[in-house]
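Here is the structure we will look at, set down as structure tokens.
The values are calculated or read from the model by the stated rules, or taken from the named source; none is laboratory data. Just so it is clear, the model here is predicted, and its values are computed rather than measured. Here the Cβ is made from the backbone with ideal geometry for all residues, glycine too, and neighbour counts use every protein chain on show.
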Amino acid sequence: MREFSSKVFVQRSGSRFVCAATVATLLLVYMQPGISGDLPLELIQLPSGFEIETYASGVSNARAMTLGNNGTLFVGSRSAGNVYALVDQNRDMRSDKIYVVAEGLHTPSGVTFKDDALYVSAVDRILRYDKIESQLENPPLPVTVTDKLPSDRHHGWKFIDFGPDEMLYVSVGAPCNVCLRSDPYAGILRINPNGTIIEMFARGIRNSVGFAWHPETRELWFTDNGRDNLGENVPPGELNRAYQAGLHFGFPHCHGGDIPDPRFGKGVDCSNFEPPVQRLGPHVAPLGVTFYDGNMFPEEYVNQIFIAEHGSWNRSKKIGYRVSLVRLDKTGQAVSYEPFAEGWLQGQRAWGRPVDVLVAGDGSLLVSDDTANVIYRISYRDR
């Protein structure tokens, strides 16, 4: 089964303009139930030389992504309860077939791959599927790595990944908008691959749904979603850096580095906590994050940070719904925060919501979308 692929070239500078009537028509056609066809990728604005296409469609509620040793793209989900395996059989960088390798799971949002095995987070447990790439048509029964994680539904989905130390890192969100709870809530765990919990690696993190390690320093960087109901423009989303274990990033006492919480921040000195490396847009819902370590994009993008902004839901004027770029200087300090790919939000209507970002084997950037149910591929061609 070949998934459709719609490929367009859009430049931010000197770009062709799509008139308002055309935009409205495209959105009306796409957002009508039962209407099939190519997504309006001509609305996505990218820097000069970049292009976007659909890598795979029909990936219901696509969330976190990870690559297997043989190039299989595994994708988690939340409401769908599925884990998918996307195969590019002819190596043309487009998915040819989609397998459902797990179904009926409780919010299997997080996925990661190590030693021929796929690891899947499903709220209170982490499952392991051994030698799965050779068994996609008849997946093996999972091995339970642990079933002792918090089972709360609020912020219950968990991002997972293996670090340079070969330990498994697991985010555990606060089970609330804002509250004070003991470990392991509101932090990132570091555990053995066999499920033995080693330590609370970082605390004071409301709800991280994406982290990555710097390719050179090996430090952990992660996004965090700020609390709601404090105001339309506060607090900001956060990009943070954990340069060592044991750091506290402020939640629930302080938000965005220097905003004391009205309830939990009384009498607290926010300077005692780790501030964000970069403050992001308020309520943009920053999720997946990755350092660009491929060989396709221009040199200026190497070791720079891409962030999937899922988009706000509680502002009178929506923002986010894009892939942003945080540029770092040679000392690792953030020097700019800018849009990289945008256009999923048209006016106050969104036809897509980026969730995760992943550098593919050929150096292109994959982006999952849990609203349009697709995986995009962003590539660069020097013209």
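The C-beta contact set for segment 325-351 (first residue surrounded by 16 or more Cβ atoms within 10 Å (Cβ to Cβ), second residue modelled with pLDDT under 95 and small (Gly, Ala, Ser), distance under 9 angstrom, 6+ apart or interchain) comprises Gln346/Ala24.
Within segment 252-274, the only residue that satisfies the criterion of being small (Gly, Ala, Ser) and part of a helix (DSSP H, G or I) is Ser271.
Residues in segment 275-321 that are among the polar types (S, T, N, Q) and either in contact with a His (Cβ under 8 Å, 6 or more places away or on another chain) or not in a loop (DSSP other than H, G, I, E, B) (or both): how many? Explain how you work it out, then say what you get.
Going through segment 275-321, the residues among the polar types (S, T, N, Q) turn out to be 278, 290, 295, 303-304, 312, 314, 316.
Next cut, either in contact with a His (Cβ under 8 Å, 6 or more places away or on another chain) or not in a loop (DSSP other than H, G, I, E, B) (or both) only: 278, 290, 303, 312, 314.
So the answer is 5.
Just one of (1) farther than 24 Å from Phe159 by Cα; (2) over 19 Å from the mean Cα position of the chain (by Cα) fails for Pro275. It is (1). Among what's in segment 196-242 and is in a strand (DSSP E or B) and among the charged types (D, E, K, R), pick the residue that is surrounded by the most Cβ atoms within 10 Å (Cβ to Cβ). Ranking the candidates gives Asp224 first.
From the set of residues in segment 226-272 that are of a type in the set (Phe, Trp, Tyr) and under 21 Å from His155 (Cα atoms), which is farthest from the chain's Cα centre (by Cα)?
The initial filter retains those residues of segment 226-272 that are of a type in the set (Phe, Trp, Tyr), namely 243, 249, 251, 264.
Checking which are under 21 Å from His155 (Cα atoms) leaves us with 249, 251, 264.
On the way: Phe249: 20, Phe251: 21, Phe264: 29 Å.
Once the filter is applied, the top-ranked residue is Phe264.
Sub-6 Å Cβ pairs linking a first residue in segment 38-55 that is over 24 Å from Asn295 (Cβ atoms) to a second residue that is at pLDDT below 95 and part of a loop (DSSP other than H, G, I, E, B), at least 6 apart or interchain, are Asp38/Ser6; Leu41/Ser6; Gln45/Val10; Gln45/Arg12, ordered by first then second residue. Cys179 meets the conditions (1) farther than 20 Å from Ser77 by Cβ; (2) surrounded by 22 or more Cβ atoms within 10 Å (Cβ to Cβ); (3) touching a Pro at 6+ places or on another chain (Cβ under 7 Å) in every case but one. The failed one is (2).
Find the residue count for segment 73-98, including only residues that are outside any strand (DSSP E or B) and of a type outside the set (Lys, Arg).
Filtering segment 73-98 down to residues outside any strand (DSSP E or B) leaves 78-82, 88-96.
In the following step, the residues that additionally are of a type outside the set (Lys, Arg) were identified as 79-82, 88-90, 92-93, 95-96.
Matching residues across segment 73-98 total 11.
Would you call Met1 within 19 Å of Tyr321 (Cα to Cα), more than 21 Å from the chain's Cα centre (by Cα), at pLDDT below 50 and surrounded by fewer than 14 Cβ atoms within 10 Å (Cβ to Cβ)? No: the conditions fail for Met1. Could you list all residues from segment 249-288 that are aliphatic (A, V, I, L, M), surrounded by fewer than 20 Cβ atoms within 10 Å (Cβ to Cβ) and under 21 Å from Leu220 (Cβ atoms)? Selection gives Val277 alone.
Return yes or no: is Thr331 assigned by TED's automatic domain parsing to the domain that holds Ser208 and in a strand (DSSP E or B)? Reasoning before the result, please.
Details: assigned by TED's automatic domain parsing to the domain that holds Ser208: yes; in a strand (DSSP E or B): no.
It is false that Thr331 is assigned by TED's automatic domain parsing to the domain that holds Ser208 and in a strand (DSSP E or B).
Every listed requirement among (1) free of Cβ contacts under 8 Å to residues at least 12 places away in the same chain; (2) of a type in the set (Val, Ile, Thr); (3) under 15 Å from Ala62 (Cβ atoms) is met by Val357 save one, (1). Against the conditions (1) touching a Gly at 6+ places or on another chain (Cβ under 6 Å); (2) of a type outside the set (A, V, I, L, M, F, W, C); (3) not assigned by TED's automatic domain parsing to the domain that holds Asn229, Gln135 satisfies every one except (1). As for segment 360-376, it holds at least one residue that is touching a helix residue (DSSP H, G or I) at 6+ places or on another chain (Cβ under 9 Å), part of a loop (DSSP other than H, G, I, E, B), not assigned by TED's automatic domain parsing to the domain that holds Gly294 and not β-branched (Val, Ile, Thr).
Identify all residues within segment 62-114 that are hydroxyl-bearing (Ser, Thr, Tyr) and under 19 Å from the mean Cα position of the chain (by Cα); write none if there are none. Matches in segment 62-114: Thr66, Thr72, Ser77, Ser79, Tyr84, Thr107, Ser109, Thr112.
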